[in-house]
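Okay, so here's the structure we're looking at.
The values are calculated or read from the model by the stated rules, or taken from the named source; none is laboratory data. Model, not experiment: these values are computed from the prediction. Cβ placement follows ideal geometry from the backbone for every residue including glycine, while neighbour counts extend to all protein chains displayed. Keep in mind that these areas ignore ligands, DNA and RNA; they rest on the heavy atoms of the full protein, side chains included. Shrake-Rupley method; radii C 1.70, N 1.55, O 1.52, S 1.80 Å.
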Amino acid sequence: MTRPVPAIVILGNGSLATARKIAQLYPGALVHGLAGRVEGADRVYHEFGATLREFYQQGTPIIALCAAGIVIRTLAPLLLEKGAEPPVLAVAEDGSAVVPLLGGLGGVNLMAREIAAGLNVAPAITTSGELRFGTCLLNPPSGYALGDLELGKRFVSDLLAGETVRIEGSAPWLAQAQLPEDTQARLAVHVGPGERVPSAHELLIYPRSVLVAVSGAIADLPRAIRQALRDAGIAVQSLACLLAADTEMASPSLREAALELGVPLRFAKAGASAQELARDAIAQPVCVRGDSSIAVAVAEQPLDLSQIGRSRGRLAVVGLGPGAAELMVPAVKAELARANDVLGYETYVRMAGPFRDDQVLHCTDNREEMQRARHAFELAAQGRSVVVVSSGDPGVFAMAAAVLEALHESSDAAWHSVDLQMLPGVSASLATAAQAGAPLGHDFCVLSLSDNLKPWSIIEQRLDLAAQADLALAFYNPISRSRPWQLGQALEIVARHREPGTPVVLGRDIGRPGQTLRVTTLGELSVDQVDMRTMVLIGSSTTRVIPRAEGSPWVYTPRSYGDKLTPIP
Ligand code: SAH
């Protein structure tokens, strides 16, 4: 399983060099800097306490470059809450000390060792068991699972009190530890995939070396799998993955079973029975269900999943929002972090970064939408995790529709079994409206003024009807070098139905460096105030402007017509 990417949090510019060194150890890790104090961080935060607590509650490992005491005080209120505890470390801003604070079972000591090695210092490890034995028995490496934590804690404290231990079964990582081994010992570590009730003084560790192959429709799949494992005498903790034929890729019951059992789902070539699937993947099954729909196979070592079939490909079409990182939804951030491939118009791909070295970027021209959509499916159909980026929302004059059109045109079964997701973003009209106040607070109409993909006559007709219906209007793609006259014409149509004093909001590069917001009126608006990076919002007959303490005035459209119950004809 991949480890979560840590957040590196700094309070001042003095820590930036150390933070960068640490970031190199964790691909994808971002440096978060305090607003106004740090220049050149990957992300900006405004409040240290709230930021740290949010990371902690999300289970994100935290590397804070500040005094350990500050981190302890900040997280103290959360420590009594139950739940997962991510690794938390304090690192001296000059890199001279690395202190693991929390998350002993989440691998904090391993991180402390990694960071300390990267900074050429000794980590401040304080965990007795780990110091004495060189490994944390309660936190086995990936590929192994601990049987029972509470029993484990007692076991380790017996060891620390001076007892010796026998090791039954094989686990290379235990062989490297400095355990006080003795073949006559009362305490025993038992390593093996078999189902077993621990005897007194026994710590069970399960290698994830078992594969369950599944074929055909099976009622209550998770229960059937548990039963098959029980019949084979195998502990469910030893299960490493489920394997099915690649024609079953889109099966919801397989997905739910894998989720419930907490294991990944892999797929191999179609047409094979469960028994053949298991045998081709690792070994002759040790147990096959009567109707040959489930086969259990056991390997000598923990399974390397990259060697077993392949995963279901995923294609996510995501909206980045207008530009600012704070306006990107968390689901999109998570999707970008898991991506193998990122496709999009170069400006937007750059906006979605930074990326890790292992992530492949495919930047294309803005006009090549269909080609980009097909390329995305080709990559996802190979089992890769693919992200197509749009600015704003992907469903608003952007890639989501193009991707669905490509799918609609294709009869390739592999494309249709890709895990396709659309993840929304804050669209330019909404980001601009929020900065101006609430100009779209009542019914409104969204139009693209580009006649590249639709005839101008349709745009004229829609403008006329929308203006007549007294809808507030939001214009995307208002003007460009190749479409110089359309905006002027559009404004003339609107002016037939709206007063010259109607409020107009122009938002340019909203949420991006150098953003500008201008409030004017329909009568005063001229097309040279607008370019292709501008969002144009035109009020309805009820839209009002009121002074604001600073900057341009507030613009809002009340939610009711009040006494003005008949709209302007
Ligand atoms: N999917 C995008 C829209 C793409 S169409 C979204 O939902 O926002 C491109 C048009 O959107 C531009 O011509 C401009 O009118 C508008 N636009 C996009 N980003 C903008 C921004 N940051 N500020 C102002 N307008 C923007």
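Things to note:
- Centroid-to-centroid, using Cα positions, the stretch 236-314 and the stretch 188-207 are 25 Å apart.
- Solvent exposure of the stretch 121-273 amounts to 47 Å² per residue of accessible area, where only protein heavy atoms count and the probe is 1.4 Å.
- A Cβ-based charge dipole, computed about the Cα centre of the chain with Lys and Arg at +1 and Asp and Glu at -1, lands at about 500 debye.
- The Cα center of the stretch 319-397 and the Cα center of the stretch 26-69 differ in position by 25 Å.
- Between 0 and 90°, nearest 10: helix 48-58 axis offset from the chain longest Cα axis: 60
- Degrees, to the nearest 10: 456-468 long Cα axis against longest axis of the chain: 80
- Three-way shape label, the stretch 429-556, alpha-carbon gyration tensor, a/c 1.5: oblate
- The stretch 1-138 - charge dipole about Cα centre, Lys and Arg +1 at Cβ, Asp and Glu -1, debye rounded to 20: 140
- Rounded, prolate or oblate (a/c below 1.5 giving rounded, otherwise prolate when a/b exceeds b/c) for the stretch 7-126 by Cα gyration tensor: oblate
- In Hz, Karplus ³J(HN,Hα) per residue of the stretch 215-226 (6.51, -1.76, 1.60; θ = phi - 60°; x = Gly, Pro): 9, x, 7, 10, 6, 6, 4, x, 5, 4, 5, 4
- Under 5 Å, built H, 5+ apart or other chain: amide partners of Val388: Ala316, Val317, Val318, Leu343
- Cα shape, the stretch 210-307, gyration tensor, a/c 1.5 rule: rounded
- The aspartates and glutamates whose alpha-carbon is closer than 20 Å to the alpha-carbon of Lys269, local same-chain residues fewer than 8 away aside, are Asp246, Glu248, Asp280, Asp304, Glu378, Asp412, Asp419.
- Pair Ser170, Arg73: separation of 7 Å Cα→Cβ label points (nm): 5.4
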